[in-house]
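The values are calculated or read from the model by the stated rules, or taken from the named source; none is laboratory data. Keep in mind that this is a model prediction, so the values were computed, not measured. Glycine also receives a Cβ, built like all others from the backbone with ideal geometry; neighbour counts cover every protein chain displayed. To get the accessible areas, we keep the full protein, side chains included, count just its heavy atoms, and leave off ligands, DNA and RNA. Shrake-Rupley method; radii C 1.70, N 1.55, O 1.52, S 1.80 Å.
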Amino acid sequence: MTVEVDVAIVGAGFAGLGLGIRLKRRAADERTAESFVILERADDVGGTWRDNVYPGVACDIPSHLYSYSFRTKPDWSHVYPSGAELQEYLRECAREEGLLPHLRFGEPVTDARWLANDERWLVTTPVAQYRARVLVSAVGRLSEPRIPSIDGLGGFRGPVMHTAAWDDTLPLADARVGLVGTGASAVQLLPELARCARHVTVFQRSAPYVVPRGDRAYSAAELDELTDAAARQRLREQIFWDAETAFPQRLGVPEAIGELRDRARTHRETQVPDPVLRAALTPDYEIGCKRVLLSDDFYPALQRPNVTLEASALKRMDVSTAVAESGARHEVDVLVFATGFHATRPPFADLVAGRDGIRLADHWSDGMRAYASTVVHGFPNLFVLDGPNASLGHNSAVYMIEAQLDYVLGALDHLGASGDPLEIPLDAEDAYVAAIDAAARDTVWLSGCTSWYVDERSGRLALLWPGYAHTFRERNGTFDPAVYRVPVAS
Ligand code: NAP
């Protein structure tokens, strides 16, 4: 079965649903009505918020900013949204915005190729083929769990799970759990795990910087005030501009980064009285280089009698003994990997073939790259959301996605009027990437730590936008056809 559509969107998380909502709303006007499908490999919407259901999962960007500006929600229960509340929000968006007829669940894309003669994308899933004028990748950057290769893991007979594939049927009450990693996921999970497991050993390869979180429920009076759309808009703007003030920290501006360092140090000193433990929890790289974590209960959880901090990596498994890089041996019944995602090398890029059959993964062999962080030379009418240099270390990902949606809609308007496929010239992409690389050079993200923000092979800052969030919108939120009007070089 081959289905003709104007736009095929891959992924039903924040980015894919956001585009779906914008397309659906503009379809009310016949002149801009595009047919579209959202292809989703799972059986529900939500992306990372559907997949990550480990105890304690939440977002560290405030609710009123980490939601669509075009679909605000008056009754967020807390300053920070829980994973479950976000998932419910996204489900409600899909339902109430009329996206259900456009969603194709259980349809993982297995191949997508540009048909030059037809000027269409041929997108294949196990269920159908779609001939689409425009292909939009909205697969996310935190969608493919990464488990490090650990010698002897195959010989471990207990359950092994990644935080993004949580199994809540596992009986943990009597279990000795090995928790690998101390990133954003581990820091949220540990307090919950320590409450229910017999023992938890935390394998910390690098100590994270942690600052206070200060979450709280909104009061009845606040909730009442937030029924007013203008009040929600004011709160949203206040949270956004407060977050923007953190960017100079990422540039290493001495006063700004000093204030952030002090906040993390004071938090450590206040919450970890034991100097030996505190030393083990003190990072040895510049603050902000990896994601700065927000938690009020991670350090207290580490000091519970049933929790051990192993201040080195998990190196190998010797049947049920987890052997650390330090040589220490820990008996475990269950292993939990909070070890992140394949963010810099998205497997989806292997499935996409553009003009002349070139694979997106090959075009990205030196790290992900795109013009306007959204369009890629050699891949006509392809738009990549939440991909190269479109994430942030200091503000809301949803804001970035919305700027990209405006770009895509502008491109669709242009395509509707002109008819010719859109392919960004190579020199435009090169110049954009060179500007990104130059801006990235002086940021804290390239100050020498390892993180998923940086492409492991090229050392390029491939994931993050090296600027203020509002400058991303200024630079990339408006489609400009002029830049496409030069001959395409191969
Ligand atoms: P992550 O930030 O990539 O952290 C992975 C952790 O695993 C790191 O601590 C890493 O250590 C560690 N690790 C890898 N191999 C190891 C080994 N053999 N032994 C010990 N440790 C090992 O992954 P994540 O925590 O899942 O977070 C990923 C991203 O998801 C976050 O940065 C954030 O953007 C998002 N997230 C957000 C929230 C939120 O509140 N908004 C919550 C959860 C996740 P090294 O540091 O030494 O590499």
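For the reader, a short list of remarks on this structure follows.
- In order through the range 422-434: 3J(HN,Hα) via Karplus (6.51 cos²θ - 1.76 cosθ + 1.60), integer Hz, x for Gly, Pro: 9, 9, 6, x, 4, 5, 5, 5, 4, 5, 5, 5, 4
- Burial ranking of peptide ranges 150-162, 331-343 (average Cβ count within 10 Å, highest at the top): 331-343, 150-162
- The residues of the chain expose, per residue, 41 Å² of accessible area to a 1.4 Å probe.
- Here the chain is treated with +1 on each Lys and Arg Cβ and -1 on each Asp and Glu Cβ, and its dipole about the Cα centre works out to around 680 debye.
- Under 23 Å from the Cα of LYS73 - lysines, other chains or at least 8 residues apart: LYS24
- Relative contact order computed over the range 117-225 (Cα-Cα under 8 Å; 6+ residues apart), in percent: 17 percent
- Net charge contributed by nearby residues that have their C-beta within less than 13 Å of THR227 (K/R +1, D/E -1): -3
- Here the Karplus curve 6.51 cos²θ - 1.76 cosθ + 1.60, taken at θ = phi - 60°, turns the phi angles of the range 274-283 into couplings of 6, x, 6, 4, 4, 4, 5, 9, 8, x Hz, with x standing for Gly and Pro.
- The range 149-170 and the range 14-89 have Cα centres lying 30 Å from one another.
- Cysteines, the chain, no other Cys beta-carbon under 4.7 Å: CYS59, CYS93, CYS196
- Share of carbon and sulfur in the accessible area of the chain stands at 51%, probe radius 1.4 Å.
- Reachable lysines, given that their alpha-carbon falls under 26 Å from the alpha-carbon of LYS315 and they are not under 8 places away in the same chain: LYS290
- Hz values of 3J(HN,Hα) by residue in the range 77-88 - Karplus curve (6.51, -1.76, 1.60), Gly and Pro given as x: 7, 10, 4, 10, x, 6, x, 5, 5, 5, 4, 5
- Structural descriptor for the range 358-490: relative contact order 36 percent, calculated from alpha carbon pairs under 8 angstrom and at least 6 residues apart.
- Positive-pole candidate from VAL398, GLY410, THR450, dipole of the range 346-490, charges at beta carbon: THR450
- One Cα centroid belongs to the range 223-296, the other to the range 348-396; the line between them spans 31 Å.
- Alpha-carbon centroid distance for the pair the range 304-347 / the range 399-446, whole angstrom: 39 Å
- Under the Debye formula (equal points on every Cα, no solvent term), log10 I(q)/I(0) of the range 1-105 at q = 0.17 Å⁻¹: -0.78
- Restricting attention to the chain, close to 35% of DSSP beta bridges with both partner residues there are antiparallel.
- The chain: relative contact order as a whole-number percent, Cα under 8 Å and 6+ apart: 19 percent
- Here's how it looks for VAL200: its modeled amide H is under 5 Å from those of VAL177, VAL307, THR308, which are all 5 or more places away or on a different chain.
- Each of SER365, LEU103, GLY178 was placed along the dipole of the chain (beta-carbon charges, centred on the mean Cα), and the one lying farthest toward the positive end is GLY178.
- Peptides 285-294, 100-109 ordered by average Cβ neighbours within 10 Å, highest first: 285-294, 100-109
- Peptides 393-406, 371-384, 442-455 ranked from most to least packed, by the mean per-residue count of other Cβ atoms within 10 Å: 371-384, 393-406, 442-455.
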